[in-house]
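*Asks:* Quick one: structure below, then a few questions.
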Amino acid sequence: MIISTGTASGKSLAYLTPAITACLGGGTVLYLTPTKALAADQLRSLRELRISAVRPATFDGDTPFEERTWVRQHANYVLTNPDMLHRGILPRHSQWSAFFRRLRMIVVDECHGYRGVFGSHVAQILRRLRRVCSRYGSAPVYMLASATASEPAAFGMRLTGLEMDEVTLDASPKGSTTFALWEPPLTDLRGEGGAPIRRTATAETADLLADLVLADVRTLAFVRSRRGAETVALSARAKLADVAAALPYGAHLGPLPGAPVPHPALPGDAAPHPSTGTAGDPPPDSGPPDTGTAPADPPGATPADLGALAVDADALAVEADALAVDADGLKAEPADPAAVPPAEPGDATAHLQAEPTTHLQAEPTTDPTDVTKTTTGPPSDAEPDWAGLPDKVAAYRAGYLSEDRRLLEKALRSGTLMGLATTNALELGVDVSGLDAVLIAGWPGTRASLWQQAGRAGRDGKESLAVLIARDDPLDTYIVHHPEALFGRPVEAIVLDPDNPYVLGPHLCAAAAEIPLTEDDLPTFGDTTADVLDDLVTDGLLRRRAAGWFWTRRERATDLADIRGGGGAPVQVVESTTGRLLGTVDEPSAHTTVHTGAVYLHQGETFLVEELDLDAGVALVGAAEPDYSTFARDITEIRVLKSLRTAPLGCGTLTFGEVEVTRQVVSYMKRRLQTGEMLGDEPLDLPPRTLRTRAVWWTLPADTIATLAEEGFDLGGAAHAAEHASIGLLPLFATCDRWDIGGVSTELHFDTGLLTVFVYDGHEGGAGFAERGYSRAADWLTATREAIRSCECERGCPSCIQSPKCGNGNEPLSKRGALRLLDTLLNP
Ligand SMILES: [Zn+2]
Ligand SMILES: [Zn+2]
């Protein structure tokens, strides 16, 4: 069974009840979650129940060896993660025989996290688990818990290989939510190619957070990066300090706080960091760059990141001017209704507000801390604590000890803390209820995450406010201009591809090492199993005998599958003077992010790469403060290996198939931080890398292209711009982000003989994203066209056709051409 409902709808209760019943009846329960933190939290709640017959224990990388035997022999509720199941439990299943024999239930919590390549690995691990269970004669019930997803039963079946019943009706009491879509204004600043630059989402979020805290609205701000979250908190605190200083002692806050707040320094909109995180996090920025007609872009957000910093340094001057005016305005002005724009009347309630059922005792939607009341109500008689105002805002980061988290929860509940800026790490392990407002800085990637984050506000039937603040990105732009893309729409399907031979192969080896494979096992692992087994035998990984397929090698079969990785041994980033390990970067990304001479960011500090030694797997870096950013340029070629599916699309043709992408980083550009001025191109000597993957591509007929050429359109620039924007929009239809996919566009492709735009999965063998693009092509490309059209820039900007990872220096690009190209394709 799969339960797919929103935040705080009581999913844990739904699986805990039968799970505990299973324990009481002498059975065992296996609980799987993507992260150790969540397992630790679940353990705590289980212990708090104080049911002596339930003996819960976590079993993960942190479990001391001396405790492991106890867990195997005595625990009846084992909490672990897919990594430990893959490497620790399944290979040693005989040590767990007592546990497996009595296994009644497998809980797969937060299963919406199992998407893409990682999800495909987990799907195969679950198939291995099923085989091991049947070896010990148990047939446990699978109970999946997921955030809202479309077609959850179909997803559950892809993940487990089993038929699923789905539960999607959320009857928990929820008040209505006012949802605002907020686009920061364009500034006078100019970026790449003279493109106008918007005020950053972090700067806008900090303003809103300060305003809401002043209005006594309990607010949570979700910011994509940790540095961004800290920036928002610092910036909001600074604003509140200014407010406190500007108000005479004993003054009342007055009716308002929608009034503008002084704008002090606004540090940059931090983008995701290029180094890879610790186990438990998905690898950030490990995707391939999209590429233009030939050279390509660095993955990782380094250039954009630094660009944003530079921009904000300039923005300081502008903001400083505003300060004087705003400080005056603060004293005199009453509530400024314009400070909070009217919300979209879309039916957000369709998702956020379920009809309360009588037995649940829904609260009425009136509440003293109600947002509307607070902003329009009479001045409070209480003497406010002005000096302590800035302390009402804090930043939260993952990794806090659970005691710290409990303190934080308490402070938020009691109102000593009114504003909290966080990454979505908060989703793990902090129970915050009774919030009034949620600010979301930047599209969180999926509608599912958006509702999950927005769902943090307005528990217990209270009304709430949610604001999505757009970043400079085609997808964000599209969404704030198209509320219909959010409201009244099902959330995304969770995409994974367990049949990917690059995923299946290693797990077949691991399965054979656990218990030799027989013909009877083939259906468990999917339709392509027989073919993949043949290849494994040919490659000498498995041996075929009369009784089945055997693993006879000395090494551990589980080492073949890198379930969270981007393939290949990671490159270690080491500080040369101290030998300190700063982080790791997967091998493909190393070429673009830590090549010799690259500027490398680590937790807000800047380093220069002294040398990248690929053979040793090490990049040596030194602390530095260069006044430029770097970005790698590469030459990318794509070859069509096999067309799998093809269909007409408007006047063109759409194809899904297998491709081989060859990329070679050939040089890197330096760009001055303050002005964006190019400082030259430095050659690099790096080997080409080849990726076999799956792609979706579209072509237009030769005569149509000839007509457009005669009209004087820059076809190369048009295709390149359409490619960038379409990469930006695909995440609206598949649960990927733009770093999971790459692109190539060309006026004339060798294999198709036509103008062609390719979008490919950035993972060996493919991950299901390009396939999703194929099946939703008309909607996807229509949304792409709308995103370009609705952007108010003239010739293209980061909100529409510029890409933060374009290795072609965002050249050539033609906004007009891209629109014409897509119009021609979609409306023949
Ligand atoms: Zn634009
Ligand atoms: Zn590009």
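The values are calculated or read from the model by the stated rules, or taken from the named source; none is laboratory data. Model, not experiment: these values are computed from the prediction. Every residue, glycine as well, gets a Cβ built from its backbone with ideal geometry; the counts of neighbours run over all protein chains shown. The protein model used for the area step is the full one, side chains on, heavy atoms only, and it has no ligands, DNA or RNA in it. Shrake-Rupley method; radii C 1.70, N 1.55, O 1.52, S 1.80 Å.
*Asks:* Calculate the dipole size of the stretch 491-547 relative to its Cα centre from +1 charges on Lys and Arg beta carbons and -1 charges on Asp and Glu beta carbons; express the result in debye to the nearest 20. List each step's numbers first, then the result.
*Replies:* Working: 3 positive and 12 negative charges, 71 e Å.
Magnitude of the dipole: close to 340 debye.
*Asks:* Let me ask another. Where a Cα-Cα gap under 17 Å defines reach, which lysines qualify for Lys462, not counting those fewer than 8 residues away within the same chain?
*Replies:* Reachable lysines: Lys174, Lys373.
*Asks:* Right, here's the next one. If one computes the Cα centroid of the stretch 187-243 and of the stretch 1-78, what distance in Å separates the two points?
*Replies:* Each part reduced to its Cα centre gives a spacing of 39 Å.
*Asks:* Distance from the Cα centre of the stretch 144-166 to that of the stretch 735-785, in angstrom?
*Replies:* That distance is 26 Å.
*Asks:* Excluding residues fewer than 8 places away in the same chain, name every one of the lysines whose C-alpha is closer than 16 Å to that of Lys805.
*Replies:* Leaving aside lysines fewer than 8 places away in the same chain, those within reach of Lys805 are Lys670.
*Asks:* For Asn827 and Phe750, what is the calculated FRET efficiency with R₀ set at 30 Å and r taken between the beta-carbons, to the nearest 0.05? It would help to have the intermediate numbers written out before the result.
*Replies:* Details: r = 29 Å, r/R0 = 0.96.
Computed FRET efficiency for Asn827 and Phe750 comes out at 0.55.
*Asks:* Do any GluC sites (Glu not before Pro) in the stretch 69-167 lie in a DSSP loop with no more than 11 other beta carbon atoms within 10 Å, and if so, which? Working shown, then result.
*Replies:* Numbers: sites: Glu110, Glu163, Glu166; in loops: Glu110, Glu163.
When the GluC sites (Glu not before Pro) of the stretch 69-167 are filtered for loop state and at most 11 Cβ neighbours within 10 Å, Glu163 remain.
*Asks:* Now for a different question. For Arg135 and Ala546, FRET efficiency with R0 = 22 Å and r from the beta-carbon atoms, rounded to 0.05? Present the calculation step by step, with values, prior to reporting the outcome.
*Replies:* Details: r = 20 Å, r/R0 = 0.91.
The computed FRET efficiency comes out at 0.65.
*Asks:* Here is a follow-up. Just want the answer: with Cβ charges of +1 for Lys and Arg and -1 for Asp and Glu, which residue in Val532, Trp551, Pro570 is farthest toward the dipole's positive end in the stretch 525-570?
*Replies:* Trp551
*Asks:* Using the Karplus equation 6.51 cos²θ - 1.76 cosθ + 1.60 (θ = phi - 60°), what ³J(HN,Hα) coupling, rounded to whole Hz, does each residue of the stretch 697-712 give in order, writing x for Gly and Pro?
*Replies:* 9, 10, 10, 10, x, 4, 5, 5, 5, 4, 4, 5, 5, 5, 6, x
*Asks:* Name the residues whose placed amide hydrogens come within less than 5 Å of the amide hydrogen of Val666, ignoring near sequence neighbours (fewer than 5 apart) on the same chain.
*Replies:* Arg633, Asp634, Ile635
*Asks:* May I pose another question? Within straight cross-link reach of Lys392, meaning Cα distance under 18 Å, which lysines are found once same-chain residues fewer than 8 apart are removed?
*Replies:* The qualifying lysines are Lys239, Lys410.
*Asks:* While we're here: Please compute the contact order of the stretch 32-127 in relative form: average sequence separation of alpha-carbon pairs under 8 Å and at least six residues apart, divided by the residue count, as a percent.
*Replies:* Working: 86 pairs, mean separation 33.3, N = 96.
It comes to 35 percent, rounded to a whole number.
*Asks:* Something else: Label Arg413 and Lys642 with points 7 Å out from Cα along Cα→Cβ: what is the distance between them in nm?
*Replies:* 5.8
*Asks:* While we're here: Assuming R0 = 45 Å, what is the FRET efficiency of Ser45 and Arg672, from their Cβ-Cβ distance, to the nearest 0.05?
*Replies:* On the way: r = 53 Å, r/R0 = 1.17.
Here the calculated transfer efficiency is 0.30.
*Asks:* About its Cα centre, how strong a charge dipole does the stretch 136-207 have in debye, to the nearest 20, once Lys and Arg get +1 and Asp and Glu get -1 at the Cβ? Numbers along the way, then the final one.
*Replies:* Working: 5 positive and 10 negative charges, 33 e Å.
Charge dipole, the stretch 136-207, about its Cα centre: 160 debye, nearest 20.
*Asks:* Can you sort Ser94, Ser172 by solvent-accessible area, 1.4 Å probe, largest first? Display every interim value, and only then the final one.
*Replies:* Working: Ser94 80, Ser172 15 Å².
Largest accessible area first, the residues go Ser94, Ser172.
*Asks:* For Leu614, which sequence-distant residues (separation of 5 or more, or a different chain) have an amide H within less than 5 Å of its own amide H, given hydrogens modelled in the peptide plane?
*Replies:* Here nothing satisfies the definition.
*Asks:* Can you list the GluC sites (Glu not before Pro) in the stretch 739-828 that are in a DSSP coil and have 11 or fewer other beta carbons within 10 angstrom?
*Replies:* Answer by residue number: Glu794.
*Asks:* May I pose another question? Can you list, bin by bin at 10 Å, the percent of alpha carbon pairs in the stretch 536-665, starting at 0?
*Replies:* 10, 25, 23, 21, 16, 4, 0
*Asks:* Still on this model: Over the stretch 527-587, with every protein chain in place, what whole percent of the accessible area is carbon and sulfur at 1.4 Å, could you tell me? Don't jump to the answer; show the numbers that get you there.
*Replies:* Working: 1670 of 3520 Å².
After summing per-atom areas, the C and S share lands at 47 percent.
*Asks:* Residue by residue through the stretch 88-103, which ³J(HN,Hα) values in whole Hz follow from phi under the Karplus form 6.51 cos²θ - 1.76 cosθ + 1.60 (θ = phi - 60°), with glycine and proline marked x?
*Replies:* My calculation for the stretch 88-103 gives x, 8, 4, x, 10, 4, 5, 5, 9, 4, 5, 5, 5, 4, 9, 5 Hz in order.
*Asks:* Label-point separation (nm) for Ser790 and Leu522, each offset 7 Å from Cα along Cα-to-Cβ?
*Replies:* Distance between the two pseudo-spin positions: 5.0 nm.
*Asks:* Please give the Cα centre distance for the stretch 532-564 versus the stretch 101-141, rounded to the nearest Å.
*Replies:* Here the answer is 21 Å between Cα centres.
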